[in-house]
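> A single structure is presented below for examination.
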Amino acid sequence: MPQYSSELYDLAYNRKIKEAAERLHASPDDAKYTNGNNWTPLHVLAWKKAPVSLVKAVYKAHPPALQVRSSKGAATPLDMAIDYKSTDEIIEFLEAAEHQQMRTAVLQIANLSTNYEILSKKCAALEKKEQVSNKQDKESNNYEEISTKYDILAERCLVLEEEKEKVKGEENAKIKSVTNKCDKLMEKCVFLEKNNVELMQKCNQMSRSFAALENSSNSEHKNDEKLSDKFENLWNKYENLETCKEPRVAQTKDDTISQIAVLTKSHDNLLEKYRVLDQAKDNLVKDNLSLQHSVTELNKSQKKNNETEKTVSTIMKIIVSLRAVDEKLNASVKKLSDRP
């Protein structure tokens, strides 16, 4: 709080009117001085019944002094003028001044109230504007965040597109490879089926040939037995003829020997035929074993073909599932593309 000179106060207290007027003219701020009892020079002039001109001059120098109350008694300059029966001019002036201050204060209060309402409206408008601005800032931040997320999703979609194209290329290559393998397997199947039919036909033909050889072999064995019986009979006759000494029996002996020679030759021919039949039989057995082996291999190939068909079926299922995933990815990309 600034310190003011007490010289004007002292002059007024001592009722040195001329000196007090000169001091007020020289230093108007002395009118703001207060002593220990919170008295101002205006209090002293009202109490001392000073000339009204000096009272007016001091009041003009510091109008708020009219509302200053003393520490003891809480008296204003007007209260002191009335209590100490100052002049009517001083009392009237101070009352008029106080009334004017009150009127001015009321007007100021009214103006302040009006200004307060205006300021309140402005504050409300500013607050609303600030809320709108904050909302816009928040929406802007949300938009930036959404834009950032959209950019990230767009980048992910591009990566997914590249991966999808790569996977699609690999799938197409695998499908092409599997298709080629399937075509080759189908060709092998057709070839094996054709060979199977031919082999079955050969098996049937060889079975018929083998049955014919068996029948022929049985027939030859029967002939061999008949020849053996004839040979034995002729040999017995030959031995009987050896013991006979008649001349006509010698002729019969020669005929018998000739028949024995013919029978022996027939027997040798039969043995040769048996040998050929046995060899053909062995060959047929070998061919039959070879055919059985071929049939076994053919069955194995058919099993492998079945397993290959199962593998192809599994691959086709995988391809279908991959296509479903591809459709989902395309739908996601479309949704992202449709977003603003």
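> Per residue, how many Å² of accessible area does the chain show with a 1.4 Å probe?
Result: 73 Å² per residue.
> Here's another thing I want to ask about it. Can you give me the % of accessible surface on the range 1-156 that is carbon or sulfur? Probe 1.4 Å, all protein chains present, nothing else counted.
Carbon and sulfur together cover 54 percent of it.
> Could you tell me how many degrees, from 0 to 90 and to the nearest 10, lie between the Cα long axis of helix 52-61 and the main elongation axis, the longest principal axis, of the Cα atoms of the chain?
Helix 52-61 sits roughly 20 degrees off the main axis of the chain.
> Name the residue from Ala324, Gln205, Leu298 whose Cα lies farthest towards the positive end of the charge dipole of the chain, charges +1 on Cβ of Lys and Arg and -1 on Cβ of Asp and Glu.
So the residue we want is Ala324.
> Further question on the same structure: With axes computed from alpha carbons, what is the tilt in degrees of helix 88-243 against the longest principal axis of the chain, rounded to the nearest 10 within 0 to 90?
In the chain, helix 88-243 runs at an angle near 0 degrees to the longest axis.
> Expressed in nm to one decimal, what extension gain is obtained for the pair His25 and Ser321 from 0.36 nm per residue of sequence separation less their Cα-Cα distance?
95.9 nm
> On a straight-distance basis, which aspartates and glutamates could pair with Lys222 in a cross-link, Cα separation under 20 angstrom, same-chain partners fewer than 8 positions away excluded?
Glu214, Glu232, Asp268, Glu272, Asp278
> Can you tell me the dipole magnitude for the range 46-116 around its Cα centre, using point charges on the Cβ only (Lys, Arg +1; Asp, Glu -1), in Debye to the nearest 20?
Here the size comes out at about 240 debye.
> Take each of the peptides 105-118, 257-270, 81-94, 39-52, average the number of other beta-carbon atoms within 10 Å over its residues, and list them starting from the highest.
39-52, 81-94, 257-270, 105-118
> Cα-Cα over 27 Å: which of Lys174/Lys303; Lys226/Lys281; Lys49/Lys72; Lys168/Lys303; Lys181/Lys202; Lys176/Lys335? It would help to have the intermediate numbers written out before the result.
On the way: Lys174/Lys303 23 Å; Lys226/Lys281 23 Å; Lys49/Lys72 20 Å; Lys168/Lys303 31 Å; Lys181/Lys202 30 Å; Lys176/Lys335 32 Å.
Over 27 Å apart, Cα to Cα: Lys168/Lys303; Lys181/Lys202; Lys176/Lys335.
> Here is a follow-up. Taking Cα pairs under 8 Å and at least six residues apart, what relative contact order does the chain come out at, in percent? Could you put the intermediate results ahead of the total?
Details: 183 pairs, mean separation 37.3, N = 340.
For the chain, the relative contact order is 11 percent.
> Also, I was wondering about something else. In straight Cα distance, which aspartates and glutamates are under 14 Å from Lys265, not counting same-chain residues fewer than 8 positions off?
Reachable aspartates and glutamates: Asp224.
> Straight-line reach from Lys128: which lysines fall under 27 Å, measuring Cα to Cα and dropping same-chain residues less than 8 apart?
Cα-Cα hits under 27 Å: Lys138.
> Tilt of helix 17-26 relative to the longest C-alpha principal axis of the chain, in degrees (0 to 90, nearest 10)?
Computed tilt is about 30 degrees.
> Please state the charge dipole magnitude for the range 54-205, taken about the Cα centre, from unit charges on C-beta atoms (+1 on K and R, -1 on D and E), reported in debye and rounded to the nearest 20.
Numbers: 24 positive and 26 negative charges, 121 e Å.
Computed charge dipole of the range 54-205: roughly 580 debye.
> For q = 0.12 Å⁻¹, what log10 I(q)/I(0) does the range 14-150 give under the Debye formula with an equal point scatterer on each alpha carbon and no solvent?
Result of the Debye calculation: -0.60.
The values are calculated or read from the model by the stated rules, or taken from the named source; none is laboratory data. For clarity, every value in this text was computed on a predicted model and none was experimentally measured. So basically every Cβ, Gly included, is an ideal-geometry build from the backbone, and we count neighbours across all protein chains shown. Just the protein is used for accessible areas: all its heavy atoms, side chains included, with ligands, DNA and RNA removed. Shrake-Rupley method; radii C 1.70, N 1.55, O 1.52, S 1.80 Å.
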